[in-house]
Amino acid sequence: DLTGRVIGLAIKVHKIVGPGLLESVYEDCLCYEMTASGLAFRRQVEMPLIYGDVRLPRAYRADIVVEDDIVIEVKSIEQILPVHEAQLLTYLRLSGCGVGLLLNFNTALLKNGLRRYVQTASPRTPGPSRPP
């Protein structure tokens, strides 16, 4: 299961470096582990938003998209708030990915900072631009 593999790698990162670092450090470490594990992913993925007749190409930026199926939002915060969940749900809707992971590394145990969301069936919203 792809989601299980990604969560396992995130737990590995958390066990090695612990809480209290910047989000960018956790993102770098997680991407290192995913590369070593052979997972395909993209970082800082721009997600457009259609506003009326205008396409805003850089409306949102997801931290990581894995195998075009999982959106990962990396946090290092005191606690996950509804606004963080709403952010990930928006990324899920815009990307058309099936699963979203909100990973808050600023916890004693990563399982306490992990939220998993599954996209409900709906028409695919125009997703992020894919590289050629």
Query raised in the report: Applying the selection to segment 39-53, what residues are aliphatic (A, V, I, L, M) and on the phi > 0 side of the Ramachandran plot?
Result: none
Query raised in the report: within 22 Å of residue 111 (Cα to Cα), of a type in the set (A, V, I, L, M) and touching a Cys at 6+ places or on another chain (Cβ under 7 Å) - does that describe any residue in segment 31-50?
Result: no
Query raised in the report: Hey, among 1, 53, which residue is closer than 17 Å to residue 100 by Cβ, open to solvent by 70 Å² or more (accessible area, probe 1.4 Å) and without any contact (Cβ under 8 Å) to a residue 12 or more places away in the chain?
Result: 1
**Report entry** Per-region count, segment 22-40, residues in contact with a helix residue (DSSP H, G or I) (Cβ under 7 Å, 6 or more places away or on another chain) and either surrounded by 20 or more Cβ atoms within 10 Å (Cβ to Cβ) or hydroxyl-bearing (Ser, Thr, Tyr) (or both)
**Finding:** 5
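Which one is nearest to the chain's Cα centre (by Cα), of the residues in segment 56-97 that are hydroxyl-bearing (Ser, Thr, Tyr) and open to solvent by less than 70 Å² (accessible area, probe 1.4 Å)? If you could, list the steps in order and put the result at the bottom.
To start, the set of residues in segment 56-97 that are hydroxyl-bearing (Ser, Thr, Tyr) comprises 60, 76, 90-91, 95.
Pick out the ones that are also open to solvent by less than 70 Å² (accessible area, probe 1.4 Å) and you get 76, 90-91, 95.
On the way: 76: 13, 90: 11, 91: 8, 95: 11 Å.
Ranking the qualifying residues of segment 56-97, first place goes to 91.
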Query raised in the report: Taking only pairs six or more apart or across chains, which ones have beta-carbon atoms under 7 Å, a first residue in segment 100-127 that is part of a strand (DSSP E or B), and a second residue that is of a type in the set (Ser, Thr, Tyr) and at pLDDT below 95?
Result: 100/91
Query raised in the report: Is it true that some residue in segment 57-76 is out of contact with any Ser or Thr (no Cβ under 8 Å at 6 or more places or on another chain) and without any contact (Cβ under 8 Å) to a residue 12 or more places away in the chain?
Result: no
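The values are calculated or read from the model by the stated rules, or taken from the named source; none is laboratory data. Bear in mind the structure is a predicted one, so any value in this text is a computation, not a measurement. Glycine also receives a Cβ, built like all others from the backbone with ideal geometry; neighbour counts cover every protein chain displayed. With ligands, DNA and RNA removed, areas are computed over all heavy atoms of the protein, side chains included. Shrake-Rupley method; radii C 1.70, N 1.55, O 1.52, S 1.80 Å.
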